[in-house]
1. Which one of T74, T24 is open to solvent by less than 20 Å² (accessible area, probe 1.4 Å), hydroxyl-bearing (S, T, Y) and over 21 Å from F308 (Cβ atoms)?
2. Sort out which residues of the stretch 274-298 are within 22 Å of L170 (Cβ to Cβ) and more than 14 Å from the chain's Cα centre (by Cα), and write them in order of number.
3. Check whether at least one residue in the stretch 115-132 is open to solvent by less than 30 Å² (accessible area, probe 1.4 Å), aromatic (F, W, Y) and more than 21 Å from G327 (Cα to Cα), and report yes or no.
4. Being buried (at least 20 other Cβ atoms within 10 Å of the Cβ), of a type in the set (A, V, I, L, M), away from ligand 1 (no atom under 14 Å from the Cβ) and modelled with pLDDT of 95 or more narrows it down to one residue among A169, A193; which is it?
5. State which residue pairs qualify: first residue near ligand 2 (Cβ under 10 Å from one of its atoms) and inside the stretch 284-298, second residue open to solvent by 80 Å² or more (accessible area, probe 1.4 Å) and part of a loop (DSSP other than H, G, I, E, B) in any location, beta carbons under 8 Å apart, and separation of 6 or more residues or different chains.
6. Which ones in the stretch 57-78 are more than 8 Å from ligand 1 (Cβ to nearest atom) and either touching a Gly at 6+ places or on another chain (Cβ under 8 Å) or part of a loop (DSSP other than H, G, I, E, B) (or both)?
7. Quickly run through the stretch 267-283 and pick out the residues that are closer than 17 Å to L160 by Cα and in contact (Cβ under 8 Å) with a residue 24 or more places away in the chain.
8. Within the stretch 235-267, take every residue that is open to solvent by 50 Å² or more (accessible area, probe 1.4 Å) and more than 25 Å from Y124 (Cβ to Cβ) and give me the one that is nearest to ligand 1 (Cβ to nearest atom).
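The values are calculated or read from the model by the stated rules, or taken from the named source; none is laboratory data. Because the structure is predicted, anything quoted here is derived from the model rather than measured. Positions of Cβ are generated from backbone atoms using ideal geometry, with glycine treated the same way; all protein chains shown enter the neighbour counts. Ligands, DNA and RNA are excluded from the accessible area calculation, which covers all protein heavy atoms including side chains. Shrake-Rupley method; radii C 1.70, N 1.55, O 1.52, S 1.80 Å.
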Amino acid sequence: MTTTLKPIAMPTAGSPAGLLEAGTDFLSLRTLSRDGLRDLVELSLLAKAEPSRFSKALSGTSVALLFEKASLRTRAAFEVGINRLGGHSVYFDHNAGRLGERESVSDYAKNLERWFGLIVARTYRHATIEKLADASSVPVINALSDASHPCQALADTLTLVEHLGGFDALRGQKVAFVGDGNNVCVSFARAMALCGCETVVIAPEGYGIEDDIQAEIRAAANANGGVFESGADVSLVSGARAVYTDVWVSMGHEESVATRTRAFEPYRVDSSLMSHAADDALFLHCLPAKRGLEVTDEVIDAPGSVVFDQAENRMHTQNAVLLRQLGKA
Ligand code: CP
Ligand code: NVA
């Protein structure tokens, strides 16, 4: 008689209520509702305050971590976080050989699901994560793709919740993202839209969020009592309670360093730019930062900088995602 290890979870495209349900993938904030975001923030706060309640939640569960790109925060937060939930992780270094090169992404997923209860993937192309998720019967988490960084946006939201007075207190607050309108920016803007913030994305011409994605974010903002606007003029930062930036050259765009540095030079977050934001404005950055380029030392090291809170919160929010996807909370 032969026995096989049967995969236990069947991911779906996302719940009708926009909640992150057991067995579902977490690839983007696109399928999350305001209630879904609030639920993850509240569970993160609980896991952060009372870690012992969840210290055996992932007992017997192994998680695969597939990384095509470098990482400090995401890898550390998943490895330490999974350990603190009583689970176990295995890191697969795909910096040299990309997913799909040695064997198809689909075959890769169908092997992994026989040993692992969940797959975390950081890839260059978002389509690679979608292929993994389509082929896999266990949940998949996007740990950064060219399109989005949903785990980062959850940590950003938790950090703002902690510093600006709670989830509901975020509604109507002005937050500004200054810089490249790619993965981190898109996910942050989606999260802020669900929070009902007045969100403004300020980027050089040609580097803003794509128009169709802007339309989705604007619709989500309007549905949740917020506003979304975008432009190239840094004076749009006026009055913002929080200012966020990211590197000018993301992983995978290294060939365009010179062009990008020229385009983004006027968008450096320095004391002069911050003087147009609210007096007590917070500064956010997903990190790693290129000090002296997108942000100056005096801003990232100022008392209003919450960048290391964001980094710590990566673990608490990712743990909430794992607990929900695996049906352990
Ligand atoms: N913010 C973030 O994702 O950092 P890493 O690239 O170090 O994981
Ligand atoms: N936008 C950056 C984020 C790194 C966490 C990148 O994609 O490299």
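1. On the way: T74 fails: over 21 Å from F308 (Cβ atoms).
Residue meeting the stated conditions: T24.
2. M274, H276, A277, A278, D279, D280, A281, L282, F283
3. no
4. After applying the criteria, what remains is A193.
5. L287/L72; P288/L72
6. A57, L58, S59, G60, T61, S62, V63, E68
7. Start the filter on the stretch 267-283 by keeping residues that are closer than 17 Å to L160 by Cα, which leaves 277-283.
Within the stretch 267-283, A277, A278, D280, A281, L282, F283 meet the criteria.
8. The initial filter retains those residues of the stretch 235-267 that are open to solvent by 50 Å² or more (accessible area, probe 1.4 Å), namely 235, 238, 241, 251, 253-255, 257-259, 262, 265-266.
Filter again for more than 25 Å from Y124 (Cβ to Cβ), leaving 235, 238, 241, 265-266.
Details: S235: 28, S238: 27, R241: 22, E265: 23, P266: 24 Å.
The extreme case among them is R241.
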